[in-house]
Structures are given as C-alpha cells and as structure tokens.
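Engineer: Starting off with a structure, shown below.
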Amino acid sequence: MAVRLFEGKEHASSYWKYRISPSEELISKIMQFLMSNKEQPYELAVDVGCGSGQGTLLLAPHFAHVVGTDISPAQLEMALKHASSPNITYRECPAEELPFEDGSVDLVASMSAFHWFDHSRFLQEAHRVLKPHGCLVLLNYTLDMELSYGDCSEALNNICKEYYAALFPYRNPYLGRSSLDLYKQAYNSLQYPVKEW
Ligand SMILES: C[S@@+](CC[C@H](N)C(=O)[O-])C[C@H]1O[C@@H](n2cnc3c(N)ncnc32)[C@H](O)[C@@H]1O
C-alpha cells in the first residue's frame with residue numbers, strides 16, 4: 001500500500017515555496033558514487049516522487065535527460081512551472097509502475113519520498129528499470145538534527161524540538177516511529193554488491 005498526500009494545489013504551492021532543496025554537496029556525493037560504479041554516458045536519471053521538482057533541477061546538469069515522476073498532478077504542475085532546464089520532463093505515474101523500459105535508466109533517485117511508496121514494489125521496479133551498474137539513491141533527512149543560524153542556534157533548536165514534540169501525535173502511522181528505521185530496513189534488504197549508507 002502507498003499513501004497519497006500532497007494532492008491540494010495550495011499544499012503544492014507551499015511545498016514549492018518552503019521546501020528546502022537537497023544540497024549540491026549531496027548531489028555531488030551521489031555523482032561520485034555513480035561515477036565509481038558506472039562509466040559514462042549518463043543518459044537518463046529519474047527522480048521518483050519528485051514533488052515540485054527541487055531535486056530534479058539539481059540532477060539536470062549531470063544527465064542528458066532527467067524525468068521527474070510523481071503521483072500528484074498538483075505537485076507536477078508546480079514542478080513544470082519551475083522547470084528551468086530543457087532536458088527535464090515530468091510524468092504523472094505511481095512510483096511502483098515506472099513508465100521506462102527494462103535496463104534503460106542510469107540513476108533512480110527518490111528524495112524524501114520513498115517512505116510513502118509501497119517499498120517492495122518500488123524497489124523491484126527501480127531494479128527493473130536500472131541499467132547494469134546503474135545506481136539507486138534513497139535520500140531522506142530525519143528530525144534528529146541540529147540547525148545552526150547566527151547567534152540564535154540554541155533557541156532555534158529548542159523551538160524545533162518543542163514543535164516536533166507537539167506534532168508527533170499526528171504523525172502518519174505509515175511512517176513508524178522514525179523513518180530512519182524504515183530506510184535502514186530497505187538498505188539492509190538490498191542485495192546489491194556495492195552499497196553505501
Ligand atoms: C515529501 S514529498 C518529496 C518531494 C521531492 N522529492 C522533494 O525532495 O522535495 C513526497 C512526494 O512523493 C509523492 N508520492 C507519494 N507517494 C507516491 C507514489 N506512490 N508514487 C509516486 N509519487 C508519490 C508525493 O506526491 C510527493 O510529491
């Protein structure tokens with residue numbers, strides 16, 4: 001079973017406005033991993049559960065073509081509006097049914113989205129579409145982090161802790177107590193000869 005949220009237009013528009021992008025540093029780590037496992041050319045990357053496309057944009061300079069896929073038309077509408085690179089396209093589809101040929105994709109990435117998918121069906125599907133030595137990337141962040149901002153870091157972290165504690169009872173049970181556990185489970189289940197946490 002997968003969970004569908006992110007459907008409202010207002011939600012998608014706030015998501016575009018406030019969503020923090022993955023860092024360039026993280027993207028270059030991904031590229032280093034890909035380069036050490038697979039030779040060029042890098043023709044196709046797929047950003048599954050791309051949302052409003054912040055991560056898709058970051059992948060675009062490294063591949064001939066990048067396709068962002070998502071199940072939410074509202075998110076894709078925002079992504080399209082901000083697609084600033086001619087090699088990006090977007091497709092509406094479930095993560096568990098990717099519209100790509102077997103062995104056709106160099107990199108399958110999912111940024112802060114895998115936890116909403118049907119995990120085993122998505123992992124099988126990613127495996128099907130990847131080229132030999134292609135790379136699967138599952139990114140996420142956890143709430144167990146320290147923020148730093150000028151001289152108010154301590155106050156900021158205290159506010160965040162209070163805020164997360166207040167929201168905790170409303171957490172979607174699908175995610176379990178911590179999405180870190182869920183990612184560790186997926187990582188441990190993967191039988192690839194080379195993998196990196
Ligand atoms: C938390 S957002 C992450 C968006 C983007 N990757 C980012 O990092 O900003 C999760 C996205 O996954 C999408 N999603 C959830 N379940 C999905 C599924 N089964 N198939 C495709 N997309 C899905 C949602 O519509 C949403 O846009």
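The values are calculated or read from the model by the stated rules, or taken from the named source; none is laboratory data. Since the model is a prediction, treat every value here as computed from it, not as a measurement. Ideal geometry is used to build each Cβ from the backbone, glycine not excepted, and the neighbour counts take in all protein chains shown. These area figures cover heavy atoms from the full protein model, side chains too; ligands, DNA and RNA do not enter into them. Shrake-Rupley method; radii C 1.70, N 1.55, O 1.52, S 1.80 Å.
Engineer: Looking at the P(r) of the stretch 111-197, how many percent of alpha-carbon pairs lie beyond 15 Å?
Structural biologist: Cα-Cα pairs of the stretch 111-197 separated by over 15 Å account for 68 percent.
Engineer: Between Tyr163 and Asp118, what is 0.36 nm times their sequence separation minus the Cα-Cα distance? Round to one decimal in nm.
Structural biologist: Gain on extension, Tyr163 to Asp118, equals 13.3 nm.
Engineer: Grab the beta carbon distance between Cys93 and Met145, set R0 = 35 Å, and tell me the FRET efficiency rounded to 0.05.
Structural biologist: 0.65
Engineer: Which of the helices in the chain, when you take each full DSSP H run, stretch at least 27 Å along the axis at their Cα atoms and have an average Kyte-Doolittle score of 0.0 or higher?
Structural biologist: The answer is none, since no helix passes both cut-offs.
Engineer: Using a probe of 1.4 angstrom, how much of the accessible area of the chain is carbon and sulfur, in percent?
Structural biologist: Whole-percent figure for carbon plus sulfur exposure: 55.
Engineer: Also, I was wondering about something else. Under a 1.4 Å probe, what is the accessible area of the chain per residue, stated in Å²?
Structural biologist: I get 59 Å² per residue for this part.
Engineer: Sort 146-157, 108-119, 128-139, 170-181 for me by packing, meaning the mean count of neighbouring Cβ atoms within 10 Å per residue, highest on top.
Structural biologist: My ranking of the peptides, most packed first, is 108-119, 128-139, 170-181, 146-157.
Engineer: With only alpha-carbon atoms in the gyration tensor, what are the semi-axes of the equivalent ellipsoid for the chain, in Å, largest first?
Structural biologist: 27, 20, 18
Engineer: Something else: Filter Lys161/Lys184; Lys38/Lys131; Lys38/Lys195; Lys131/Lys195 down to the pairs with a C-alpha to C-alpha distance above 20 Å, please.
Structural biologist: Those over the limit are Lys161/Lys184.
Engineer: Follow-up question, since we're still on this one. Please state the relative contact order of the chain as a whole percent: Cα pairs under 8 Å, 6+ residues apart?
Structural biologist: So the answer I get is 19 percent.
Engineer: With r as the distance between the Cβ atoms of Glu43 and Lys17 and R0 = 30 Å, compute the FRET efficiency 1/(1 + (r/R0)^6) and round to 0.05.
Structural biologist: After rounding, the FRET efficiency stands at 0.40.
Engineer: Now a separate question. Sort 42-53, 63-74, 185-196 by the packing proxy (mean of other Cβ within 10 Å over each peptide's residues), most packed first.
Structural biologist: 42-53, 63-74, 185-196
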